[in-house]
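Down below is the structure, laid out as structure tokens.
The values are calculated or read from the model by the stated rules, or taken from the named source; none is laboratory data. Because the structure is predicted, anything quoted here is derived from the model rather than measured. Neighbour counts run over all protein chains shown; Cβ positions are idealised from the backbone, glycine included.
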Amino acid sequence: MKVIKIMPRGFCFGVVSALKIAVNAAYDESLPRPIYILGNIVHNHFISEALNHIGLITVDDKQKTRHELLDLIDSGTVIFTAHGVSDDVIKKAHDKGLYLINATCKFVNKTNDYIKQKISKGYDVIYIGKKHHPEPEGALGINPKKIHLVENINDIKNLNINNQKITITNQTTMSYWDVENLANKIKELYPTAEFLNEICNATQVRQEAVLKKAIQADVTIVVGDPLSNNTNKLASISESKANTHSHLIESVEDIDPEWFKDAQTVAVTSGASTPTAITNEVIKFLEDFDYHDPSTYYRKSNLSYKEILNIK
């Protein structure tokens, strides 16, 4: 089968940085043990499982905030994930006597610094982001009374801000088109509101590449974790912007041969937190795949944790 390998794909700068910090911590014998990661270091469970192999303990519960998850850690070292945390979480960890390592993406820090600056000048902040995602959680923790989370049009309708000084910003991994659309709707309600689009460059470039290349394919395969917002947005853009049906898979084992019954060309991309080794397995399978030859249907991942973490 013809495979369009969409570039860029795979790890962004923030993910590479966070993983280096986590792996280095695992092999640093001077750090207090045990070493915990507060939530998933990035949104990919294969990475979390691989980190567990080298002694890092991921503490995660989708029903708990980062602040609540800290109640499960009493001693040792805690690593804050690439998604960022609020100052309140940092203070709580410090007060518990934990050794702190911050792996927050620099672009997330930049957005949070902007929010703090605007609030210090008397602004309310309308934050476009995904509810129950750790990045907006960290941002809202800066000042819950002055920051208003918006995910959709209905959230905008429910806004009631009595302040002439308003700024709009966003989660770094949102769809560029979704953010622009929601920001325009907000400005209809608050015409004087400022707007700083904080979609990180890595996210936007990947989204634009999917739009350009998926239109040339019969099917798009997006490799990544279903909890990854940027991964979900890539699949959505293929569907809504390129009009090419997409399937989000975690590994080669999730592929259904029936997806390609009438397909000649498949486009492949991956989320910013998807290990390259996993995506390469998918590409290799699709290059060898022939719908009319059932012997090409077998798919089994045999990757080691070292391959997933790209540890030599």
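Quickly run through the stretch 53-68 and pick out the residues that are free of Cβ contacts under 8 Å to residues at least 60 places away in the same chain, out of contact with any helix residue (DSSP H, G or I) (no Cβ under 8 Å at 6 or more places or on another chain) and not in a strand (DSSP E or B).
Taking the stretch 53-68 first, the residues free of Cβ contacts under 8 Å to residues at least 60 places away in the same chain are 55-61, 63-64, 68.
Restricting the remaining residues to those that are out of contact with any helix residue (DSSP H, G or I) (no Cβ under 8 Å at 6 or more places or on another chain) gives 57, 63-64, 68.
Matches in the stretch 53-68: 63, 64, 68.
Note on the stretch 9-21: residues that are assigned to a loop (DSSP other than H, G, I, E, B) and either at pLDDT 95 or above or more than 12 Å from residue 202 (Cβ to Cβ) (or both) amount to 0.
Closer than 30 Å to residue 112 by Cα, free of Cβ contacts under 8 Å to residues at least 40 places away in the same chain and either surrounded by 22 or more Cβ atoms within 10 Å (Cβ to Cβ) or in the same structural domain as residue 48 (by TED's automatic domain parsing) (or both), is that true of residue 211? Here the answer is no, as residue 211 does not meet what is asked.
With respect to residue 289, is the statement that it is among the hydrophobic types (A, V, I, L, M, F, W, C), farther than 23 Å from residue 16 by Cβ and buried (at least 19 other Cβ atoms within 10 Å of the Cβ) true?
Values: among the hydrophobic types (A, V, I, L, M, F, W, C): yes; farther than 23 Å from residue 16 by Cβ: yes; buried (at least 19 other Cβ atoms within 10 Å of the Cβ): no.
No, not satisfied.
Screening the stretch 116-132 for residues that are touching a strand residue (DSSP E or B) at 6+ places or on another chain (Cβ under 6 Å) and either among the hydroxyl-bearing types (Ser, Thr, Tyr) or surrounded by fewer than 18 Cβ atoms within 10 Å (Cβ to Cβ) (or both) and picking the one that is nearest to residue 229 (Cα to Cα) gives 127. Applying the criterion of being among the β-branched types (Val, Ile, Thr), under 14 Å from residue 82 (Cα atoms) and out of contact with any Asp or Glu (no Cβ under 9 Å at 6 or more places or on another chain) to the residues of the stretch 11-54, the residue that is surrounded by the fewest Cβ atoms within 10 Å (Cβ to Cβ) is 16. Residue check: is residue 277 modelled with pLDDT of 95 or more and either among the acidic types (Asp, Glu) or assigned to a loop (DSSP other than H, G, I, E, B) (or both)? No; evaluated as a whole, the condition is false for this residue.
Output the residues belonging to the stretch 69-92 that are assigned to a helix (DSSP H, G or I) and either touching a residue at least 24 places away in the same chain (Cβ under 8 Å) or among the charged types (D, E, K, R) (or both).
Quick first cut of the stretch 69-92, residues assigned to a helix (DSSP H, G or I) only: 69-72, 87-92.
The answer is 69, 70, 71, 87, 88, 89, 91, 92.
Picking from residues in the stretch 292-312 that are among the basic types (Lys, Arg) and farther than 16 Å from residue 252 by Cα, the one that is surrounded by the most Cβ atoms within 10 Å (Cβ to Cβ) is 306. Across the stretch 214-241, the qualifying residues are those that are of a type in the set (D, E, K, R) and touching a strand residue (DSSP E or B) at 6+ places or on another chain (Cβ under 8 Å), and the one among them that is surrounded by the fewest Cβ atoms within 10 Å (Cβ to Cβ) is 239. Residue check: residue 247 meets all listed conditions (1) part of a loop (DSSP other than H, G, I, E, B); (2) touching a strand residue (DSSP E or B) at 6+ places or on another chain (Cβ under 9 Å) but one, namely (1). Before we move on, is residue 107 touching a residue at least 40 places away in the same chain (Cβ under 8 Å), under 26 Å from residue 271 (Cβ atoms) and touching an Asp or Glu at 6+ places or on another chain (Cβ under 9 Å)? Against the criterion (touching a residue at least 40 places away in the same chain (Cβ under 8 Å), under 26 Å from residue 271 (Cβ atoms) and touching an Asp or Glu at 6+ places or on another chain (Cβ under 9 Å)), residue 107 qualifies.
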